[in-house]
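In what follows, a single structure is set out as structure tokens and then discussed.
The values are calculated or read from the model by the stated rules, or taken from the named source; none is laboratory data. Predicted model only: the values in this text are computed from it and were never measured. Ideal geometry is used to build each Cβ from the backbone, glycine not excepted, and the neighbour counts take in all protein chains shown.
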Protein chains: 2
Amino acid sequence: MKITDVEIICFGYRSRLVADREGHSHPGPEHDAQMSLTRIVTDEGVDGYCFGGSPAALDAVRGAIVGEDPLQRERIWQRLRNFQRLNQTLYSDQQISVIDQALWDLAGRYTGLPVYKLMGGYRDVVPAYASTMVGDDIPGGLDTPEHYADFAEACIAQGYPALKLHTWMPPYGRDPKRDVAACAAVRKRVGPDIPLMLDSHHDYSRKEALYIGRALEELDFHWFEEPMNEASMSSYIWLTEQLDITVVGPETAGGMFYTRAEWIVNHASDVSRYNVSLGGLTAMMKAVHLCEAHGVGLEVHGGGHGNLHALGAMGIAGEYYERGLLHPFYDYEASQPWFNTRVDAIDSQGNIHLPQTPGLGLDINWDYINTHRL
Amino acid sequence: MKITDVEIICFGYRSRLVADREGHSHPGPEHDAQMSLTRIVTDEGVDGYCFGGSPAALDAVRGAIVGEDPLQRERIWQRLRNFQRLNQTLYSDQQISVIDQALWDLAGRYTGLPVYKLMGGYRDVVPAYASTMVGDDIPGGLDTPEHYADFAEACIAQGYPALKLHTWMPPYGRDPKRDVAACAAVRKRVGPDIPLMLDSHHDYSRKEALYIGRALEELDFHWFEEPMNEASMSSYIWLTEQLDITVVGPETAGGMFYTRAEWIVNHASDVSRYNVSLGGLTAMMKAVHLCEAHGVGLEVHGGGHGNLHALGAMGIAGEYYERGLLHPFYDYEASQPWFNTRVDAIDSQGNIHLPQTPGLGLDINWDYINTHRL
């Protein structure tokens, strides 16, 4: 089997997410937005798909993989990673991820297996946590500690077994005391038995991070994410040494799983973190296996098909699927009209079920995409 | 799909390998020997096979995996590893390996793919090195440095691009000077351009190991394996610090890939080492990914189907397939009559080609097995 072409299908949709100037999303007025879908075409009639992919990188990607055997994922992955060094835009972690996930999807469609079973499945069901958007100034939204508590209560009532707050970040301020107040209000409202996590502003000082971490220990929080710049691994070594609460990371630090190895060796966090967008499922399983060899857990950052299949295949925790980002004024369930069904439909116990259809389990709404094609 | 049964087929064959009292094999008079073949049976008519498997463990293995989905390899692997703690005989690394490899074989047969492509292939061809038996006292065998040189010359003439000596071990003595003399004789005979490796007696002192290592540096050897007891990681940290030659290990140390992580973190070797018999392909790829994250190579110990598929799938070196063990008085090519064709048939350039048939690519001679069934 040979790859004969790569295609990137661009289509429009109406979005109600608006990014603030730091890049975080909030509910806002409906507006036009664009999405892309990468398709890898073969000479045997089996294609692979993954949402995402940069049209600007299309020629480069074609040049890199057309003519290759799509089942030789490791060879293609190693090649793209090598090309990345001098072409960080064309072969970004995200772009490699889309290609790699499309190849896994293709292999699943070719064999008739869902990707997590192709990788060697571990579980069919993963509990989810509700993951809030970052704080804002929308009245009745995520603008006060009490409104976080209102929203947390609603999420738990809906069946989520756990919840993570993203608190306020610039341009909505940086304020450790307000972060702690939101965490305290949520803990008080949901009671002592619900696991709670915090992902705060990512550029606090060591002193501020320690203050928040100590408060989270008092509030019996489950973990604490990225309160400081991850470029300073030393800061995380210091913080992890000080705190009893589980420090999870790195999340946004570059260097894929190689960086996770450095953090493990240097005891810079208690639990590692990875996301399929950092080089795809091939890279993610390398991170999982690295962590497993060192007795370190790995919490999966973000949701979607790839992260869910990784959670289904990994033999270590990953305790939760991160579902969101959620907001009281945003209809998460209706936010991806290019799917007929969401991959992360949640049951009444707050669980996500691994897709059993071949490949990534993308239930693509072709009518929608073709109608909105650009 | 469900596992409905596990079967272990035992059959006899005529062997010309005789184990010395330390367990190393040498050519000897033909005698009766036994082999086993594990078969995992499913309710969908697809079975998985792997040679090996202990009849004494059959009931335990059946209890552990019958009723499971054979594609959930990670779940089964984690369960067997957990059971191992209090049942090291029933769930030995080797026994887990046979089950895991049979599950990979089954998945390959189910999907129509060779295992290395199921894992995400990296290469279709791997160079082999000739790996000698350990030294002996057989006249004209591997009894003198000059006879090692004779045999090395014959192997290189046959097309092997590299060669590894196993030198003398008890009961044939322990003698660093004789080891070095054999290495020097081989180097002199094959010339300066052939990569040579040494796997010596495994219980030398630090001083003896350093003496040999320094001599191998002078002889421009490619790597040096396991000259000391691997239970003393400190000895390897010390040796690796002293020597420039690549120290490869651990090989026989227990603890699967977890132990490889400890050796990497402690700089106890330059290149890691793994064998599919240490928990199967599932465990082996965890070791590969661990090494990759740390920028460490992994040389594969031993040959056979599983090790070959791992070499086909791994994106890091593994430079060579270990072919053997070989001896001037032993017909390696004819040594496995239970196969119609050897998986490691070597071409004129000394390369092994990955099998392209579904699963592990076992070309089983059922006539032979059925005729010799016990």
Fill in: Residue list for region A:70-107, restricted to those being charged (D, E, K, R) and over 15 Å from A:ARG39 (Cα atoms)
A:ARG73, A:GLU74, A:ARG75, A:ARG79, A:ARG81, A:ARG85, A:ASP93
Response to the item:
The residue that is farthest from B:GLU299 (Cα to Cα), considering only those in region B:226-252 that are surrounded by fewer than 18 Cβ atoms within 10 Å (Cβ to Cβ) and acidic (Asp, Glu), is B:GLU241
Worksheet item: If you go through region B:188-232, how many residues are at positive phi and small (Gly, Ala, Ser)?
Response: 1
Worksheet entry | Scope region B:19-40; condition out of contact with any Phe, Trp or Tyr (no Cβ under 7 Å at 6 or more places or on another chain), without any contact (Cβ under 8 Å) to a residue 40 or more places away in the chain and exposed (fewer than 14 other Cβ atoms within 10 Å of the Cβ); matching residues | B:ALA19, B:GLY23, B:PRO29, B:GLU30, B:HIS31, B:ASP32
Practice prompt. Output the number of residues of region A:317-335 satisfying the condition of being farther than 19 Å from A:GLY159 by Cα and buried (at least 17 other Cβ atoms within 10 Å of the Cβ).
Written response: 1
Discussion item. Here is a check on your reading of the model: is A:THR132 in contact with a strand residue (DSSP E or B) (Cβ under 9 Å, 6 or more places away or on another chain) and not assigned by TED's automatic domain parsing to the domain that holds A:ASP20?
Written reply: yes
Item to complete: Kindly indicate whether B:SER15 is in a strand (DSSP E or B) and under 21 Å from the mean Cα position of the chain (by Cα).
Response: yes
Discussion item. Of all residues being in contact (Cβ under 8 Å) with a residue 40 or more places away in the chain and aliphatic (A, V, I, L, M) in region A:266-302, which is nearest to the other protein chains (Cβ to nearest Cβ)? Just the residue, please.
Written reply: A:MET285
Discussion item. Looking only at helices (runs of 4 or more DSSP H) that lie completely in region B:41-111, which have at least 1 residues being away from chain A (no Cβ under 12 Å), charged (D, E, K, R) and without any contact (Cβ under 8 Å) to a residue 12 or more places away in the chain?
Written reply: B:58-65
Worksheet item: Only one of A:PRO171, A:PRO195 is surrounded by fewer than 20 Cβ atoms within 10 Å (Cβ to Cβ), within 21 Å of the chain's Cα centre (by Cα) and in contact (Cβ under 8 Å) with a residue 40 or more places away in the chain; which?
Response: A:PRO195
Item to complete: Kindly list the number of the only condition in (1) more than 14 Å from every other protein chain (Cβ to nearest Cβ); (2) touching a His at 6+ places or on another chain (Cβ under 8 Å); (3) buried (at least 24 other Cβ atoms within 10 Å of the Cβ) that fails for A:ASP136.
Response: (3)
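For (1) in contact with a helix residue (DSSP H, G or I) (Cβ under 8 Å, 6 or more places away or on another chain); (2) aliphatic (A, V, I, L, M); (3) on the phi > 0 side of the Ramachandran plot, each residue gets a yes or a no:
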site: B:SER36; (1), (2), (3): yes, no, no
site: B:SER54; (1), (2), (3): yes, no, no
site: B:ARG62; (1), (2), (3): no, no, no
site: B:GLU68; (1), (2), (3): yes, no, no
site: B:ARG73; (1), (2), (3): yes, no, no
site: B:GLN88; (1), (2), (3): no, no, no
site: B:VAL98; (1), (2), (3): yes, yes, no
Worksheet entry | Test: residue in region A:116-132 that is of a type in the set (D, E, K, R), more than 14 Å from chain B (Cβ to nearest Cβ) and in a loop (DSSP other than H, G, I, E, B) | no
Fill in: Hits in region A:180-215 (condition: under 16 Å from A:GLU22 (Cβ atoms) and in contact with a helix residue (DSSP H, G or I) (Cβ under 8 Å, 6 or more places away or on another chain))
A:SER200, A:HIS201, A:TYR204
Worksheet item: Got a number for residues in region B:64-91 being surrounded by fewer than 17 Cβ atoms within 10 Å (Cβ to Cβ) and of a type in the set (Gly, Ala, Ser)?
Response: 1
Worksheet item: For B:ASP244, all conditions in the list (1) within 14 Å of chain A (Cβ to nearest Cβ); (2) out of contact with any strand residue (DSSP E or B) (no Cβ under 7 Å at 6 or more places or on another chain) hold save one; what is the number of the exception?
Response: (1)
Discussion item. Just to check your reading of the model, which residue among B:ASP93, B:ASP69, B:ASP124, B:ASP100 is closer than 27 Å to A:ALA107 by Cβ, in contact with a Leu (Cβ under 8 Å, 6 or more places away or on another chain), outside the structural domain of B:GLY303 (by TED's automatic domain parsing) and of a type in the set (D, E, K, R)?
Written reply: B:ASP100
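Condition check ((1) outside any helix (DSSP H, G or I); (2) at pLDDT below 95; (3) closer than 21 Å to A:TYR321 by Cβ; (4) touching a His at 6+ places or on another chain (Cβ under 7 Å)) across all residues:
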{"site": "A:SER234", "(1), (2), (3), (4)": "no, no, no, no"}
{"site": "A:TRP238", "(1), (2), (3), (4)": "no, no, no, no"}
{"site": "A:THR252", "(1), (2), (3), (4)": "yes, yes, yes, no"}
{"site": "A:PHE257", "(1), (2), (3), (4)": "no, no, yes, no"}
{"site": "A:ALA261", "(1), (2), (3), (4)": "no, no, no, yes"}
Worksheet, complete the sentence: Among the residues of region A:265-282, the number that are crowded, with 24+ Cβ neighbours inside 10 Å and either assigned to a helix (DSSP H, G or I) or in contact with a Cys (Cβ under 6 Å, 6 or more places away or on another chain) (or both) is 4
